[in-house]
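So the structure is just underneath, and the comments pick up after that.
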Amino acid sequence: MTTASVNERIQLIVKGASSESTCSPSLADGPWEFDKGPVAYGPGASSSDLIPTGSPRQGALPAEYKSATEQELNDRIVAAKKTLGDKVVVLGHFYQREEVVVHADYLGDSFQLANAAKAHTEAEAIVFCGVHFMAETADILSESNQAVILPNLAAGCSMADMANIDSVTECWEQLEDLYGSEPDEHGRVPVIPVTYMNSSAALKAFCGEHGGIVCTSSNAEIVLKWAFERGQRVLFFPDQHLGRNTAKAMGISTDLMPLWHGRKPLGGNTAQVLADAKVVLWNGFCSVHKRFNVGQIEKARAEFDGVRVIVHPECPMEVVDAADEAGSTDYIRKAVAAATEPTTFAIGTEINMVQRLAAEYPQHNIFCLDPVVCPCSTMYRIHPGYLAWVLERLVAGEVVNQISVSADVAANAKIALERMLAAKPL
Ligand code: SF4
């Protein structure tokens, strides 16, 4: 088992000192290099997804942070955090690079981290090492006098960006025209909007406003049950795979889950198909989890007797079906932690998290199903250089890269988040 971080592995590959392969040698550059690119998310798993017009772009990072060594950046981050003390809390998502995670006061998934932010009312600044929608959620759930900072504004999420408020509103209007607004004999409205946590604050607010709800990958089934108690159908966005995998596990036929393609009338479906639908799935996906395939699972089974294959529900349905188990990042962590006998785990989720589990549990053989070293492009944009910069600006009394959700959007988004918590607290 290697103990090198994902970034170190990539550097070794690019230098020719490792026989592993990476999806893009440009990953070895600082993100300030790939932030210059105008159209795609940069090297890594979502490199071929286009950034929507209007997505935030990061300004230039001062040269001193680009030229500093990893050790220098590490020392500067430690010193800035020490000076700031309780005034700052640093949050790190499971998919962040190790060189950033070592500075995190909390490590978790997006919702766990938003709650960690909420618990630290003494912190004047919350530095969220994750992606844009996560920082928005932290801003919604934190106090109004706390500033939420995203170290690199270009750290979006290609999946979250696949659904925006205009395209979802347009879809909703077409569905309303088709379904009308009359409840059935059980009092259930024609359709309930459900958004995955991985979506903009505007879409969470849309759900709040239209009787809908937010879900995470840990509670998607509970949330869908909540929605079916109140609605005849669900419009699920942006991740088709989480929606399909969850509904299928609840016994809903995939024939009753049409895919909605934006820009096509009725999303490319007939009125009859939509009338029969139980779950209308938005055509979004995660480029990281889309990389996993059944061939990788077959190979792992052929090579390792008794291998336990666990994948994230953002993976395509055939991958989830071929795996032994599917669950959220939290589920995967707990499954590994609970294994009492030395076990081989083949895991289908982002490589930084898999690598960390492998280092944390050396008694097990833990590897990523994807043999190519290919981190999430947007998570990878949070480099220690950006973290050092935002923290040192805070020391100087300046808040940079603040993420602020407008009060009206935050209020409606909070309604949808609170419905999720009421459906069953996490
Ligand atoms: S792993 Fe997928 S869903 Fe998560 S931030 Fe990256 S692109 Fe978005």
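Read-outs throughout are calculated quantities, based only on the coordinates presented, and are distinct from any laboratory measurement. It should be emphasised that the depicted structure is a prediction, and the values quoted were computed from it without experimental measurement. Methodologically, a virtual Cβ is constructed for each residue, glycine included, from the backbone with ideal geometry; neighbour enumeration extends over all protein chains shown.
Quick notes
- Range in the chain, longest, excluding exposed trypsin sites (Lys or Arg not before Pro) [loop by DSSP; at most 14 other beta-carbon atoms within 10 Å]: 58-262
- Fully extended contour minus Cα-Cα distance, from Glu72 to Asp86, at 0.36 nm per residue: 2.7 nm
- Potential lengthening between Tyr106 and Thr53 on full extension [0.36 nm per residue; Cα-Cα distance subtracted]: 15.8 nm
- The Cα-based radius of gyration and maximum Cα-Cα distance (Dmax) for segment 236-337 are 15.5, 49 Å.
- Estimated FRET transfer efficiency (Asp305, Gln402; beta-carbon r; R0 35 Å; 0.05): 0.10
- A simple spin-label model places pseudo-atoms 7 Å from Cα toward Cβ; at Glu341 and Glu182 they are separated by 6.0 nm.
- Proxy reagent accessibility, fewest Cβ within 10 Å first, across Trp389, Trp32: Trp32, Trp389
- Gyration tensor verdict on the chain (Cα atoms; rounded if a/c is under 1.5, prolate if a/b is larger than b/c, oblate otherwise): oblate
- Full-extension gain in nm, Ala79 to Glu360, via 0.36 nm per residue minus C-alpha separation: 98.5 nm
- Peptide packing for 364-375, 131-142 was compared via the average number of neighbouring C-beta atoms within 10 Å per residue; ordered from the highest value, the list is 131-142, 364-375.
- Around Lys87: net Lys/Arg minus Asp/Glu count, Cβ-Cβ under 14 Å: -4
- At R0 = 35 Å, FRET efficiency that the Cβ-Cβ distance of Ser19 and Glu170 yields, to 0.05: 0.10
- When DSSP beta bridges are restricted to pairs lying wholly in the chain, around 5% turn out antiparallel.
- Fluctuation leader among Val294, Val390, Val279 - the chain, Gaussian network, Cα springs under 10 angstrom: Val294
- Rounded, prolate or oblate (a/c below 1.5 giving rounded, otherwise prolate when a/b exceeds b/c) for segment 187-259 by Cα gyration tensor: oblate
- Rounded, prolate or oblate (a/c below 1.5 giving rounded, otherwise prolate when a/b exceeds b/c) for segment 288-332 by Cα gyration tensor: oblate
- From the C-alpha gyration tensor of segment 289-368, square roots of 5λ in Å: 18, 14, 11
- Ranked list, fewest to most other Cβ atoms within 10 Å of each Cβ, for Val307, Val399: Val399, Val307
- Distance (nanometres) between label positions extended 7 Å along Cα→Cβ at Glu33 and Lys424: 4.7
- Solution diffusion estimate, µm²/s, Stokes-Einstein, segment 365-426, Kirkwood Rh from C-alpha pairs, 37 °C, viscosity 0.692 mPa s: 204
- A straight Cα-to-Cα reach below 30 Å connects Lys87 with the lysines Lys66, Lys118, Lys204, Lys414, residues fewer than 8 places away in its own chain not being considered.
- Restricting the GluC sites (Glu not before Pro) of segment 170-273 to loop positions (DSSP other than H, G, I, E, B) with no more than 11 neighbouring Cβ atoms within 10 Å leaves Glu185.
- Within the chain, helix-based [θ] at 222 nm, where runs of 4 or more DSSP H residues each add -39,500 (n - 2.57), nearest 500: -12000 deg cm²/dmol
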